[in-house]
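What follows is one structure encoded as structure tokens, with my remarks underneath.
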Amino acid sequence: MGTKTATSFLSREAQNSSQNADWDTQSTTASDSSTFVDEGLAATALALQDYRGVIKHCSKIVAISSGHFEAWFNLGYARHRIGEYEEAEFAYRQAHNINAEAFQPLLNLAILHELRGDSEAAKDTYQQALRLAPNNATGLWNLALLLEKDGSLEDAELLLMELVEQNPKHSGAWFQLGSLRILREDWDGSLTAFQSSLHIEPNMPEAIMNSAFACMKLGRLEEARSGFERLLRSTPDSVAALHGLATVSAETGDLETCLALRRKLASLNQGLPELTFNMALAFEKQGRTPEAIRLYSEALKQRPRFVEALLNLGHVLEKSGQAEAAQDCWKSAVALGVTSPSE
């Protein structure tokens, strides 16, 4: 009957806005007087986020000068931004064919693949881009999130570690590293990462919450309590923090605080059967049988197929001399697949 607790994860998104290329006519041998005016107009349109204007002028440039890297790249970028993904892919590939050593077309192409839902192509293309620019933060971040999403947690962790090594002040990367380590049940490692994130952004609520959660899993209950209380001072109705603090209170025997927090959660329409179960378990351990029976029964109202609550309620009822009621609980548990009351 292990204690059940809640987690809170920040949803971090890949940096999917793509990147445009700076105009540098000195580095493009194809640039000449016939494209000079359109280059200037395209650069102005790009600065104004006038993507239709960028498309108009870059299309003129590549019609005259098919080897113009910046024009193809920014043509892809503009089409990317307005959702013309097939045309954007073609333009990015043209830019890559012109300069295979430039990582930007591959990076934006990978972002494009991800937006279109082709994760395998996205991973492959991010890896190609990172071979050209191993320290590129956007590539490392996006590929790490994609690998985590696909379940490749060890590979994602390695990329995030690279990212924080290069940029120790990247609070988002530290946070994501902590969240990933929670998934791997590396509580010490997750706590270290969340603390690093909080050193940079001291008031990040998700990092405060997850740091407290990691402390709770490590048995550092007073530190966990402090973290949950800190979060509740700024967000009094945080369900995750209320649940966490109530769980810590139950585990430390502070049942009156736990009951008060449970009433607060109920007022927020958050029944949380796991919390009710944990409170019942704490009362049972203290020999407060009537409260334990009442709370196990409430947990079953909140979740009728809560097998652990059925089993524990049966044992408490048996100890209190209510053998028939205990048998009814165990029969219900057997009907849900338990082979014996002691299972």
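The values are calculated or read from the model by the stated rules, or taken from the named source; none is laboratory data. This is a predicted model, so every value here is computed, not measured. Here the Cβ is made from the backbone with ideal geometry for all residues, glycine too, and neighbour counts use every protein chain on show.
Annotations
- Search result, residues across the stretch 259-276 that are modelled with pLDDT of 85 or more and either β-branched (Val, Ile, Thr) or under 16 Å from MET216 (Cβ atoms) (or both): LEU261
- The single condition from (1) modelled with pLDDT of 95 or more; (2) polar (S, T, N, Q); (3) surrounded by fewer than 16 Cβ atoms within 10 Å (Cβ to Cβ) that SER33 fails is (1).
- Cβ-Cβ under 6 Å pairs, at least 6 apart or on other chains, the stretch 180-204 side at pLDDT below 95, far side among the acidic types (Asp, Glu): LEU180/GLU148; LEU180/GLU157
- Of everything in the stretch 228-258 that is of a type in the set (Asp, Glu) and surrounded by fewer than 14 Cβ atoms within 10 Å (Cβ to Cβ), the residue that is farthest from LEU198 (Cα to Cα) is GLU256.
A quick yes/no check of all residues on (1) touching a residue at least 12 places away in the same chain (Cβ under 8 Å); (2) farther than 22 Å from GLN302 by Cβ; (3) part of a helix (DSSP H, G or I); (4) not hydroxyl-bearing (Ser, Thr, Tyr):
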position: ALA224; (1), (2), (3), (4): yes, yes, yes, yes
position: GLU229; (1), (2), (3), (4): yes, yes, yes, yes
position: LEU232; (1), (2), (3), (4): yes, yes, yes, yes
position: ASP237; (1), (2), (3), (4): yes, no, no, yes
position: LEU281; (1), (2), (3), (4): yes, no, yes, yes
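- Matching entry among LEU268, LEU261, LEU313 (being within 33 Å of the chain's Cα centre (by Cα) and crowded, with 23+ Cβ neighbours inside 10 Å): LEU261
- Entry remark, the stretch 116-146: residues being at pLDDT below 95, farther than 21 Å from THR192 by Cβ and touching a Lys or Arg at 6+ places or on another chain (Cβ under 8 Å) number 2 in total.
- Whether a residue is crowded, with 21+ Cβ neighbours inside 10 Å, assigned to a helix (DSSP H, G or I) and of a type in the set (Gly, Ala, Ser) was assessed, and ALA78 passes this test.
- Helices (runs of 4 or more DSSP H) enclosed by the stretch 283-343 - at least 2 residues per element that are without any contact (Cβ under 8 Å) to a residue 60 or more places away in the chain and hydroxyl-bearing (Ser, Thr, Tyr): 289-302
- Checking each residue in the stretch 117-158 for being exposed (fewer than 14 other Cβ atoms within 10 Å of the Cβ) and touching a Phe, Trp or Tyr at 6+ places or on another chain (Cβ under 9 Å) picks out only ARG131.
- Taken together, the residues in the stretch 166-210 that are in a helix (DSSP H, G or I), under 20 Å from LEU146 (Cα atoms) and of a type outside the set (S, T, N, Q) amount to 11.
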